[in-house]
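Here's the structure we're looking at; comments come further down.
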Amino acid sequence: MAYRVLGRAGPPQPRRARRLLFAFTLSLSCTYLCYSFLCCCDDLGRSRLLGAPRCLRGPSAGGQKLLQKSRPCDPPGPTPSEPSAPSAPAAAAPAPRLSGSNHSGSPKLGTKRLPQALIVGVKKGGTRAVLEFIRVHPDVRALGTEPHFFDRNYGRGLDWYRSLMPRTLESQITLEKTPSYFVTQEAPRRIFNMSRDTKLIVVVRNPVTRAISDYTQTLSKKPDIPTFEGLSFRNRSLGLVDVSWNAIRIGMYVLHLESWLQYFPLAQIHFVSGERLITDPAGEMGRVQDFLGIKRFITDKHFYFNKTKGFPCLKKTQSSLLPRCLGKSKGRTHVQIDPEVIDQLREFYRPYNIKFYETVGQDFRWE
């Protein structure tokens, strides 16, 4: 039999035969590699029609290095639709970080908003307890620190104030607490200018007990201050109370309330009893939730009474392995005050208390 290669007759030369054999072998190898590539690769051509198993992707490599790093295919699973043309695999997007909320499981970050509700007072009335209790609610996000925006930092502007707020979803309420707002003359007007719809929470307490608690806190920081009796009276024998002392002045609630009622209707202000917050925390927090227009999520099941501290604490939750009580600065033992001094202060506050009850339509029974 005659062979014809490029016009030449006769058997092929050994060198040309080797070339033909090499080309044939290379063609078979390429065909096998392409088939393997199509069967195993997930994004660049795994045969969905054939139901081929999916292989895990690894970094591109060749020869022995690829064999060492290759991994077995995943078991067959549901086949999502894919575009016909392969595309380069995109880098995995990092999971969004949740803001510091313990309540929302949504992966959305939310938005920083100006607060729709404020705990504006009063100092040593129980504002920290209300804040910590209401933060349990999934529809409330609250700033943990006191920003003092409407009394000390107003010059920084609303953008600065907003930047301090926690991120919230559309369904959540943003809230902050600064007890000194209640006795700050400019605070009602400034809050009104931010939003006339702001809801205001005022935690009040027997003004005599509140003053003693205020003094006890100050004494723990400044042990050399004068006695409570010396600061309370300009002339004790005449019963002249020193209303310039802040601890006394704060308890004259009705005078401070007059400034707020110039800008906000009474229906927009909710008063929490500091005494009932201790004896019936679920009841008081139920009324706070009603005022904010949110579901009564916080109930009796969230509280237990701490006999050591003398006030209720939050039970442990799914997000906390330990019960949550207010810090050691809360519930400290009050200094002992002469009962006659207490009686004199009760008489001083009586007319202010009665007018306060009449104004807010609620009897706090401090007499």
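The values are calculated or read from the model by the stated rules, or taken from the named source; none is laboratory data. Just so it is clear, the model here is predicted, and its values are computed rather than measured. With ideal geometry, Cβ positions are generated from the backbone for all residues, glycine too; neighbour counts draw on all protein chains shown. Side chains included, ligands, DNA and RNA excluded: accessible areas come from the protein's heavy atoms. Shrake-Rupley method; radii C 1.70, N 1.55, O 1.52, S 1.80 Å.
Some points to look at:
- In summary, Glu132 fulfils each of the numbered conditions (1) open to solvent by less than 50 Å² (accessible area, probe 1.4 Å); (2) part of a loop (DSSP other than H, G, I, E, B); (3) among the charged types (D, E, K, R) with the single exception of condition (2).
- Qualifying residue in region 187-203 (condition: hydroxyl-bearing (Ser, Thr, Tyr), outside any helix (DSSP H, G or I), under 27 Å from Gly286 (Cβ atoms) and open to solvent by 20 Å² or more (accessible area, probe 1.4 Å)): yes
- The numbered conditions (1) open to solvent by 50 Å² or more (accessible area, probe 1.4 Å); (2) under 15 Å from Tyr352 (Cα atoms); (3) touching a helix residue (DSSP H, G or I) at 6+ places or on another chain (Cβ under 6 Å); (4) touching a residue at least 12 places away in the same chain (Cβ under 8 Å) are all true for Glu229 except (2).
- Flag if Tyr304 is open to solvent by 70 Å² or more (accessible area, probe 1.4 Å) and touching a helix residue (DSSP H, G or I) at 6+ places or on another chain (Cβ under 7 Å): no
- For region 95-143, the set of residues classified as out of contact with any strand residue (DSSP E or B) (no Cβ under 9 Å at 6 or more places or on another chain) and either at pLDDT 95 or above or on the phi > 0 side of the Ramachandran plot (or both) consists of Lys123, Lys124, Pro138, listed by residue number.
- The residue of region 144-186 that is most open to solvent (accessible area, probe 1.4 Å), among those that are in contact with a strand residue (DSSP E or B) (Cβ under 8 Å, 6 or more places away or on another chain), more than 27 Å from Asn246 (Cα to Cα) and among the polar types (S, T, N, Q), is Ser163.
- Of all residues in region 273-300, those that are open to solvent by 70 Å² or more (accessible area, probe 1.4 Å) have Cβ atoms under 9 Å from Cβ atoms of residues that are of a type in the set (A, V, I, L, M, F, W, C) and in a loop (DSSP other than H, G, I, E, B), 6 or more apart or on another chain, in Arg276/Phe364; Phe297/Val136.
- Of residues in region 224-280 being in a helix (DSSP H, G or I) and in contact with a Gly (Cβ under 9 Å, 6 or more places away or on another chain), the one nearest to Arg190 (Cα to Cα): His256
- Any hit, region 232-241, residues being buried (at least 18 other Cβ atoms within 10 Å of the Cβ), hydroxyl-bearing (Ser, Thr, Tyr) and at pLDDT 95 or above: yes
- Taken over region 180-211, residues that are within 27 Å of the chain's Cα centre (by Cα) and over 24 Å from Leu345 (Cβ atoms) amount to 15.
- Any hit, region 178-190, residues being more than 25 Å from Tyr357 (Cβ to Cβ) and out of contact with any Phe, Trp or Tyr (no Cβ under 9 Å at 6 or more places or on another chain): no
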